[in-house]
Amino acid sequence: MVPPLVVGLMLSLLSLVLLPPPAAAATITGRVVGADGQGIAGAVVFIQALPTGVQPPPQTQPAVMDQVHKTFVPEVLPVVVGSAVRFPNHDQIHHHVYSFSRTKSFELPLYKGEEAPPVLFDKVGVVKIGCNIHDWMAAVLLVVPTPFYAVTNDAGEFTLSGLSEGTLPVAAWHELSQTKVEETVQQIRVEQDLAGVTFALALAPARPRVPVQGVRGSR
């Protein structure tokens, strides 16, 4: 007679053999284009919601929007809701970072280096960032509902990776877009790597940012 312990071990091993292997993470690639068919740089493509039961990976480190040569780097930063964002100042002058956006209003008074504390972004939406000393400094922080997002390159190309199987609502956004985010949503069935997904956005004309000269611009 086979001891019960041995039987239990054999059944456990058998169940492991019979279980299907875990599904590999899938990737979606594509482009964001304008009315002329040309790629749009600086657009954000993101997953609006995850399938039931799918848990997002934990957020480990704060995101960073730096300040270098009187410019925010990057000028477009997507983060998942609930993220803390650091705003280090690597210029040799003071900056005064702020936002009056409805999504998140905050102010980091005059500082250099790593002095400013991280800012928590706990609401989905657009946050326009500025510097109260250097008027031309501007950036946008987009708070999205899931940690699956990508910023398009100069050719308008994007890659969303690490995706689970299922039907995913995928949306596109750009600071100058006249197309509402909800109008861009595509329900994409993910079973394996998928290429050739295209989003079309109508953009408003860009307003040039002209550096301000004088006392305020030199501080």
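The values are calculated or read from the model by the stated rules, or taken from the named source; none is laboratory data. Quick caveat, the model's predicted, so the values are computed rather than measured. Counting neighbours? That spans all protein chains shown, and the Cβs are built from the backbone with ideal geometry, glycine included.
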Here the qualifying pairs (Cβ atoms under 6 Å; residues six or more apart or on different chains; first in region 36-58 and over 15 Å from V124 (Cα atoms); second outside any loop (DSSP other than H, G, I, E, B) and among the β-branched types (V, I, T)) come out as G39/V33; I40/V32; G42/V76; A43/V32
Of the residues in region 182-212, those that are modelled with pLDDT of 95 or more and either touching a Phe, Trp or Tyr at 6+ places or on another chain (Cβ under 8 Å) or aromatic (F, W, Y) (or both) come to T184, Q186, F199
If you go through G8, G42, the only one that is out of contact with any helix residue (DSSP H, G or I) (no Cβ under 8 Å at 6 or more places or on another chain), surrounded by 10 or more Cβ atoms within 10 Å (Cβ to Cβ) and modelled with pLDDT of 95 or more is G42
Counting only strands (runs of 3 or more DSSP E) wholly inside region 119-207, the ones holding at least 3 residues that are assigned by TED's automatic domain parsing to the domain that holds N89 and farther than 18 Å from F72 by Cβ are none
Here the residues within region 112-155 that are surrounded by fewer than 17 Cβ atoms within 10 Å (Cβ to Cβ) and among the aromatic types (F, W, Y) are W136
All conditions in (1) of a type outside the set (A, V, I, L, M); (2) within 20 Å of A25 (Cα to Cα); (3) in contact (Cβ under 8 Å) with a residue 24 or more places away in the chain are true of R189 except (3)
Looking across region 158-178 at residues that are exposed (fewer than 15 other Cβ atoms within 10 Å of the Cβ) and hydroxyl-bearing (S, T, Y), the single one that is nearest to P147 (Cα to Cα) is S161
Scanning region 106-129 residue by residue, the ones that are within 19 Å of the chain's Cα centre (by Cα) and on the phi < 0 side of the Ramachandran plot total 11
How many residues of region 25-38 are surrounded by fewer than 18 Cβ atoms within 10 Å (Cβ to Cβ) and in contact with a strand residue (DSSP E or B) (Cβ under 6 Å, 6 or more places away or on another chain)? The answer is 4
Next on the checklist: Regarding region 96-111, can at least one residue be identified that is out of contact with any Phe, Trp or Tyr (no Cβ under 8 Å at 6 or more places or on another chain), under 30 Å from T167 (Cβ atoms) and surrounded by 14 or more Cβ atoms within 10 Å (Cβ to Cβ)?
Outcome noted: no
